Ligand SMILES: Cc1ncc(COP(=O)(O)O)c(C=O)c1O
């Protein structure tokens, strides 16, 4: 069942950073790209500019393939690194493993994803050698071919540079290539204070899915390859996958604007700061505990018991379906919305009254449950993910993370 979530200026959606619109600079760049005639299929000046900028930020020649989704970037990248009889090692909670509907298997022509667990959504490097060596050379088994890490991870953690280097070195020793799912690359970069080069090719990354959509773009991510030998294959694969846009200029204009004047870094900095602020506010709510200190724009927290009870009550008495048990953080605006829809707010569980909790434009926040079907924060078990844009966000757990981003100040 689909859910329609509307937000008002004083409310913020909780599901995902995909709830946010786009940076005005990017919208403007797309509008400007709509005038005039340029060559199609990426042979245009916008694509040339985007490629040049990516080369600059990575401090070297790179091969760039602009695509329309992060899943396409991941699937195509992995296909270039893995034969159909290969396997890709990734964390069990990774987006490629959990949320891409088998796209990596599809794009690779049948390669297998093999889970390598670890704390905080990160692969345990010490578990890699055994996984990488598993039945190597045995024609009856898939052959470990690549490792894929998410930076930032789906849990909101960030691999340190040393962790990436170590993991890459172990993978390389075992003959595996290394892919980075950088759907939230800029957020991770901001957290580490590292350079793009340090976090990728200098640390052993072969191919990067460079995310932009979740951090201010509309519909554009890019594959950035640090291995020139993969360029031709990636070009053919992208075309074959329907990812060579005829009017590539519109995707490219987004990437170009995203990288202009550090917009991408400013957006990420703001998003990360808002996640930290949200976490600080949540920590102060009695009975609420963060599962981890947010390192990027994703955070998980445990709800107060009363909220959980409210959720359970909702599940018993609610409408059922996907919406059952929806709880959320809301500003007054959303409570009014709820009343407008004829649903009395039966329980306001934890009123927040200190400045530390303030988030909405009206300056007030409340955790509400039961009957107050707010902007879409969902619970799973006792946990709730908060994400989205600006100060207030939320989302689903444990598989779908939510993020914090506010583009309004950029
Ligand atoms: C870590 C991660 N990787 C990849 C993706 C895929 O992006 P898209 O939804 O554009 O396919 C997402 C989307 O949420 C994600 O969170």
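Any read-out appearing in this document is the output of simple, stated calculations on the displayed coordinates, not a laboratory observation. Nothing here was measured: the structure is a model prediction, and the numbers come from that model. All Cβ positions, even for glycine, are placed from backbone atoms using ideal geometry, and neighbour counts span all protein chains on display.
Taking other Cβ atoms within 10 Å as a rough exposure proxy, 264, 201 sort from fewest to most as 201, 264.
Derived value for the range 56-96: Kirkwood hydrodynamic radius 12.3 Å. Basis is the mean of 1/r over every pair of different alpha-carbon atoms. Distance between the C-alpha centers of the range 228-302 and the range 12-58? Whole Å please. A separation of 14 Å, based on Cα centres.
Computed over every Cα-Cα pair of the range 75-134 and binned at 5 Å starting from 0, the pair-distance distribution P(r) comes out as 4, 21, 28, 24, 18, 6, 0 percent. Taking all Cα pairs closer than 8 Å and separated by 6 or more residues, the relative contact order of the range 24-263 comes to 30 percent. The eigenvalues of the Cα gyration tensor, multiplied by 5 and square-rooted, give the range 55-199 an equivalent ellipsoid with semi-axes of 23, 18, 15 Å from largest to smallest.
Remark: 57, 205 ranked as 57, 205, counting other beta-carbon atoms within 10 Å and listing the fewest first. Going from the fewest other Cβ atoms within 10 Å to the most, the residues 219, 200 appear in the order 219, 200. In this label model, residue 236 and residue 130 are separated by 3.9 nm, measuring between points 7 Å along each Cα→Cβ vector. Starting from the Cα of residue 141, move 7 Å in the Cα-to-Cβ direction to define the label point; list residues of the range 101-127 whose amide nitrogen is under 20 Å from there. The answer is 110-118, 124-127.
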